[in-house]
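Okay, so here's the structure we're looking at.
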Amino acid sequence: MNDLHAGSYKEAILFLVTAGVVVPLFHRLRISPVLGFIGAGALLGPFGLGRFAETHHWVSTFTIANRAEIAHLAEFGVIFLMFMIGVELSWERLRTLRRLVFGLGSIQVLASSAIIGGILMALSVPMAAAIIVGLGLALSSTAIVLPVLADQKRLNTPAGRASFAVLLFQDLAVAPVLFAIAVLGRNDGGNMGAALALALGQAVVAVVVIVVVGRLALRPLFQLVARTRSPELFMAACLLVIIGTSVTAAAAGLSMTLGAFVAGLLLAETEYRRAIEATIDPFKGLLLGVFFVSVGMNLDPAHLMSAPGAVLGLALALMLIKGAVIVVAARVMRLSKAVAVEAALLLGPGGEFAFVLIGGALAGGLVPEEVGQAALIVTTVTMIAIPALAVLARRLGRRLSAKQLGRARAEPIPDRQQNRVIIAGYGRVGRLVGEMLARHKIPYLALDADAARVSEHRRLGNPVYFGDSANPELLRRCDIANARALVVTLDTPRAVEAVVEAARAERRDITIVARARDARHASALYEMGVDDAVPETIEASLQLSEAVLVDVGVPMGLVIASIHERRDEYRAMLRRKETEVRPAFRARRTVGKGTEAKATEGREAAPKDDAKPAIKSA
């Protein structure tokens with residue numbers, strides 16, 4: 001009895017040991033733990049050490065033999081992943097990235113699946129199987145690509161945003177595809193149209209029931225649970241919602257993942273969204289680990305070694321097809337070549353949902369066994385290559401950006417124009433300033449040291465030019481002598497000070513409005529001669545005060561008047577303190593005047609400084 005009892009927990013113990021070894025080790029090596037879980041599944045599964053279990057019984061202690069139990073837990077990994085995708089999905093995020101999500105994402109999925117499916121049909125694969133495998137292989141790996149981009153701190157780069165948008169559309173596309181596979185799998189040879197209509201009707205009824213009940217019950221449920229201030233009860237409520245909606249969807253003939261996704265969408269609209277994410281994320285990570293272990297268990301190294309050329313050739317062909325589609329689609333969406341190449345290398349490999357879609361089709365008899373297994377092996381091989389491809393993508397992106405940098409530097413400054421405003425830095429803040437100037441029909445010219453940003457906004461028709469805003473010669477080329485004002489929006493204090501100092505040296509009477517980090521930095525800028533310094537911290541507090549005063553019922557006119565009065569008080573206070581706040585800065589500035597000519601000469605004589613600008617705009 002004791003042996004039987006211990007044996008029934010063997011798979012769980014082996015998985016926990018694997019997680020305890022894989023996650024810290026791969027995190028230290030800066031490799032995605034997903035690859036470690038896949039490798040562990042291949043090693044501990046029936047095609048790894050399991051091959052020797054019959055001849056060496058002691059080996060069975062270290063193998064995962066109960067594949068059915070692991071597969072059952074692995075399904076919950078995908079369920080929790082879809083739930084988290086629903087929770088993290090917001091209308092604001094969709095609205096912001098709608099052009100890339102529904103433009104670039106839809107082109108990539110539809111074109112890739114059509115090309116792959118067409119090739120399979122040309123190889124005599126049945127049409128339904130070819131479509132399913134094509135859709136499965138068209139998807140990329142959210143579980144690997146996003147963590148790799150996060151580790152490289154590139155999620156907010158143009159390539160990171162483009163990759164995220166495509167992955168988001170793919171995640172949205174999974175739910176209807178799973179529904180279609182479920183309907184096709186239930187077809188018993190009757191009228192396909194009638195079966196599809198009946199299944200669609202059931203699906204609509206089930207989704208409506210989940211949505212209506214969810215809207216009526218979820219918020220009161222979590223309000224009641226939150227009042228108890230019990231983390232355990234809150235966790236239990238989260239698990240109840242996920243499993244309950246998944247089982248309800250399954251009972252209606254839908255996939256459990258679709259039910260979890262709808263539940264996530266409903267909870268994304270509540271004030272408990274962030275707490276739910278923090279509660280469920282550890283479960284999602286652990287259960288996804290089980291899912292990837294099950295993926296590795298299905299990987300037969302002997303099959304791979306029996307025809308390595310064919311497998312690697314198919315893997316390369318898959319990445320080339322998807323990569324070419326992404327490059328073309330990115331260029332159609334007017335993204336730069338560097339962004340297109342980076343996104344193609346990141347999204348070219350297969351993804352985890354291929355195992356869900358193709359695995360479900362295999363279980364339903366919709367895909368021939370040899371075709372499905374080959375597709376899964378190719379998907380696994382390409383996923384293993386993602387970290388290396390991410391490094392290659394970053395290097396190629398830098399090289400292409402360097403070429404783009406040269407083109408941006410060669411862009412001539414426009415003809416002189418009276419009363420033009422110069423904006424130093426065209427990031428978030430600079431763009432907003434430019435939009436407001438354009439709205440009031442005031443001409444402006446913007447400078448930025450990010451070549452990719454310059455190229456992107458020039459394609460949109462904005463008057464943005466590449467260059468170091470602190471370079472006096474560049475300011476002369478921008479006709480600072482006749483400019484109406486200079487707005488400095490850079491986000492690093494030293495960069496702002498360098499631009500202000502260079503501008504004041506060229507023209508003493510120009511109006512300068514500068515972005516300041518805080519009150520101390522604003523005082524230093526006033527000392528340097530700016531007309532207005534806008535501290536981020538003070539402005540944020542004034543805006544918060546304005547909002548709360550209006551919300552509690554104070555008349556808008558009184559609020560605006562008091563906010564303007566308080567702003568003037570701050571400005572006067574900062575100007576009074578400008579002679580005593582930063583004496584060290586005054587000394588540095590005095591020393592710096594003697595070396596200004598030498599520094600400027602060195603800056604102009606070293607073009608490599610332009611290639612890697614130190615100034616960073618917001």
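Summary of computed values
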read-out: Residues that are modelled with pLDDT under 75 and in a helix (DSSP H, G or I), drawn from region 16-33; value: Val23, His27
read-out: Residue within region 64-85 that is of a type in the set (S, T, N, Q), modelled with pLDDT under 75 and under 32 Å from the mean Cα position of the chain (by Cα) present; value: no
read-out: Output for region 223-238, where each listed residue is in contact with a Phe, Trp or Tyr (Cβ under 9 Å, 6 or more places away or on another chain) and either acidic (Asp, Glu) or surrounded by 14 or more Cβ atoms within 10 Å (Cβ to Cβ) (or both); value: Val225, Ala226, Phe234, Met235, Ala237, Cys238
read-out: Any chance Thr511 is within 21 Å of Glu536 (Cα to Cα), assigned by TED's automatic domain parsing to the domain that holds Gly430, touching a residue at least 24 places away in the same chain (Cβ under 8 Å) and in contact with a strand residue (DSSP E or B) (Cβ under 8 Å, 6 or more places away or on another chain); value: yes
read-out: Hits in region 243-271 - residues which are crowded, with 22+ Cβ neighbours inside 10 Å and of a type outside the set (A, V, I, L, M); value: Thr245, Ser246, Ser255, Thr257, Gly259, Phe261, Gly264
read-out: Matching residues in region 112-142 - criterion: being among the aliphatic types (A, V, I, L, M) and in contact with a Phe, Trp or Tyr (Cβ under 8 Å, 6 or more places away or on another chain); value: Leu139
read-out: Residues satisfying the stated conditions in region 308-366, i.e. more than 29 Å from Leu288 (Cα to Cα), over 17 Å from the mean Cα position of the chain (by Cα) and outside any helix (DSSP H, G or I); value: Met333, Arg334, Ser336
read-out: Test result for Leu239, assigned to a helix (DSSP H, G or I) and either over 24 Å from Phe37 (Cα atoms) or modelled with pLDDT of 80 or more (or both); value: yes
read-out: Selection status of Ile560, modelled with pLDDT under 75, assigned by TED's automatic domain parsing to the domain that holds Glu497 and of a type outside the set (S, T, N, Q); value: no
read-out: Selected residue (criterion: nearest to Leu97 (Cα to Cα)) from residues of region 131-155 that are assigned to a helix (DSSP H, G or I) and among the small types (Gly, Ala, Ser); value: Ala150
read-out: Subset of region 563-584 that is acidic (Asp, Glu) and modelled with pLDDT of 65 or more - its residue that is farthest from Ala519 (Cα to Cα); value: Glu565
read-out: In region 206-264, residue farthest from the chain's Cα centre (by Cα) [restricted to those that are closer than 19 Å to Gly86 by Cα and polar (S, T, N, Q)]; value: Thr248
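Residue-wise test of (1) at pLDDT below 85; (2) touching a Cys at 6+ places or on another chain (Cβ under 9 Å); (3) not in a loop (DSSP other than H, G, I, E, B).
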position: Ala402; (1), (2), (3): yes, no, yes
position: Asn419; (1), (2), (3): yes, no, no
position: Gly430; (1), (2), (3): no, no, yes
position: Val433; (1), (2), (3): no, no, yes
position: Val454; (1), (2), (3): yes, no, yes
position: Leu474; (1), (2), (3): yes, no, yes
position: Arg494; (1), (2), (3): no, no, yes
position: Val499; (1), (2), (3): no, no, yes
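The values are calculated or read from the model by the stated rules, or taken from the named source; none is laboratory data. Just so it is clear, the structure is predicted and the values come from calculations on it, not from any experiment. Counting neighbours? That spans all protein chains shown, and the Cβs are built from the backbone with ideal geometry, glycine included.
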